[in-house]
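Shown next, in structure tokens, is the structure this report addresses.
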Amino acid sequence: MDAWLDANATSLVVVLAAATAVLLVLVLVLLVLWRRARRGARLAAREKAAAERDRLDLELTLAEQGGRLRMVRELHEVAVRALTVIVTQAEGARSAATQDPAVAARTAGAIADSARAVLADLRRVADVALDGEQEAGAPPALTNLTELVEGIRGEGLEVELVETGEPHELREGAEVAVLRILQEALANALAHGGPGTHAKVTLGWTDDGLQLLVEDDGIRAEAIRNGLDPYAEAQRQGYTVGDDLAALTQVPTGRGITEMRERTELFGGVFEAHTVAGVGFTVQAVFPALRFHNAVQGAPSGPR
């Protein structure tokens with residue numbers, strides 16, 4: 001055996017070296033394939049999250065269209081009631097005219113006829129709006145909140161959800177408005193802070209109202225992503241009371257901010273957004289009487 005080993009030592013070394021090389025190549029190939037598969041899985045997860053976000057965005061858009069049609073219908077209902085009064089008054093004037101009855105009667109008759117024509121037109125528009133509202137389908141409710149949060153988490157935003165108080169049912173348009181504001185706030189946090197940004201979402205319910213608060217640490221997350229110590233960076237930049245005051249007093253601008261503010265004010269709320277120096281961005285929408293608000297006639301004193 002020793003003699004055979006001595007005689008074939010070179011061949012054995014070559015065979016072992018070749019086997020080792022083959023194993024190394026296989027390990028490298030498997031490693032490359034594993035990394036590709038992992039990268040593909042991450043990409044697929046991001047694409048799935050983006051597709052889910054687009055789907056929810058479409059649902060909210062359709063729901064908003066339905067909400068607008070509902071508001072148009074309610075506004076027209078108000079106008080219809082007012083015109084009904086006009087018709088009644090005009091007909092009363094025609095019946096009660098004593099001075100120059102012929103002219104008064106013709107004038108009152110013209111008023112009544114015009115009002116009736118407008119009334120008919122408004123009723124037709126209201127019918128069209130009602131049909132569009134029904135075709136839009138049921139809007140997403142706040143039960144879609146988890147779905148919205150999970151979708152944005154899949155894109156790399158770390159979301160913490162906190163809810164306080166006793167939740168109560170909202171009108172359809174109000175639910176969509178809250179979801180839209182939250183969606184825009186989280187999208188802004190991801191866009192400006194990038195993956196790894198932490199956003200805390202707080203829903204504070206009151207007897208008739210709701211407070212939505214979204215706080216992110218996008219500035220701090222960006223510093224960490226760039227390999228910097230966020231606390232040392234804050235000290236290096238030397239934030240002052242003036243910086244904090246500017247963050248609280250300067251009004252942020254942009255399409256997203258404008259749309260969030262408009263949606264908040266439409267339902268009788270107060271919108272506020274500001275930068276937290278060295279940390280990130282905060283968005284707050286406070287609705288004092290959201291429970292019964294319909295965005296048209298305000299908040300009545302009782303349930304619908």
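A short reminder: the numbers here are calculations on the coordinates, not readings from a lab. As the structure is a computational prediction, the values presented were derived from the model and not from experiment. Cβ: placed from backbone, ideal geometry, glycine included. Neighbour counts: every protein chain shown.
Descriptive notes on the structure:
- Exposure proxy order (Cβ contacts within 10 Å, fewest to most) of Asp217, Asp207: Asp207, Asp217
- With the convex hull constructed from alpha-carbon coordinates only, the range 142-287 shows a mean projected area of 9.0 nm² over all directions.
- Counting beta carbons within 10 Å around each of Leu148, Leu43 and listing the fewest first gives the order Leu43, Leu148.
- Label point distance in nm, Glu169-Thr10, each placed 7 Å from Cα along Cα→Cβ: 9.2 nm
- Local net charge near Ala289, Cβ-Cβ under 11 Å (Lys/Arg +1, Asp/Glu -1): -1
- Amide H to amide H, with H built 1.01 Å from N, Ala199 comes under 5 Å of Glu158, Val159, Glu160, counting only residues 5 or more places away or on other chains.
- Likely footprinting exposure, His192, His293, fewest C-beta neighbours within 10 Å first: His192, His293
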